[in-house]
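S.K.: The structure that follows is given in the form of structure tokens.
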Amino acid sequence: MKRKLLITASAVICVLLVGAAALEILHIAPHTGVYLSAANGEPLVVVDRTPFVVSPKSHFDGLQDGDKLLVFFRGTTATSCPAEARVYVRFKLGKGDLSDIPESVRNELEQLGWISSPD
């Protein structure tokens, strides 16, 4: 019984290490951010005051503006404003609201035409 437990624990640890190594090799990293829907329907995720247009759209169906997310995307992104990133996996961490997005980021996105001003 102890031997089975030891083998199972070793196998789980090996799988986790291989997974972590694969993420490192592919430069895919976890990021926490806040979801925001653009005026044109594109999904945006704000990570550390930086907005990203994210794809594929299907990963973001059913989310509300302000929802807190954990997303895995490749570290290399387009350097436009907002930046672009391909999301491989996303998890909803909880509900939020627009106040979770810094006002300066919202103002910048509004000036660029990505979001409409709240009336």
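The values are calculated or read from the model by the stated rules, or taken from the named source; none is laboratory data. Predicted model only: the values in this text are computed from it and were never measured. FYI the Cβ positions are ideal-geometry reconstructions off the backbone, even for glycines, and counts take in every protein chain you see.
S.K.: List the residue pairs whose Cβ atoms are under 7 Å apart, where the first residue sits in the range 41-62 and is within 17 Å of Cys81 (Cβ to Cβ) and in contact (Cβ under 8 Å) with a residue 12 or more places away in the chain, the second is surrounded by 10 or more Cβ atoms within 10 Å (Cβ to Cβ) and of a type in the set (Lys, Arg), and the two are 6 or more positions apart or on different chains.
M.R.: Pro43/Lys57; Ser55/Arg86
S.K.: Quick one: Tyr35 ticks every box in (1) surrounded by 14 or more Cβ atoms within 10 Å (Cβ to Cβ); (2) at pLDDT below 85; (3) of a type outside the set (Lys, Arg); (4) closer than 21 Å to Ser116 by Cα bar one, so which box is it?
M.R.: Only one criterion in (1) surrounded by 14 or more Cβ atoms within 10 Å (Cβ to Cβ); (2) at pLDDT below 85; (3) of a type outside the set (Lys, Arg); (4) closer than 21 Å to Ser116 by Cα is unmet by Tyr35, namely (2).
S.K.: Need the failing condition index for Lys68 against (1) surrounded by fewer than 17 Cβ atoms within 10 Å (Cβ to Cβ); (2) at pLDDT below 90, just the number.
M.R.: Just one mismatch for Lys68, condition (2).
S.K.: Pick from the range 73-115 the residues that are loosely packed, with under 12 Cβ neighbours inside 10 Å and part of a helix (DSSP H, G or I): which of them is modelled with the lowest pLDDT?
M.R.: It comes out as Ser99.
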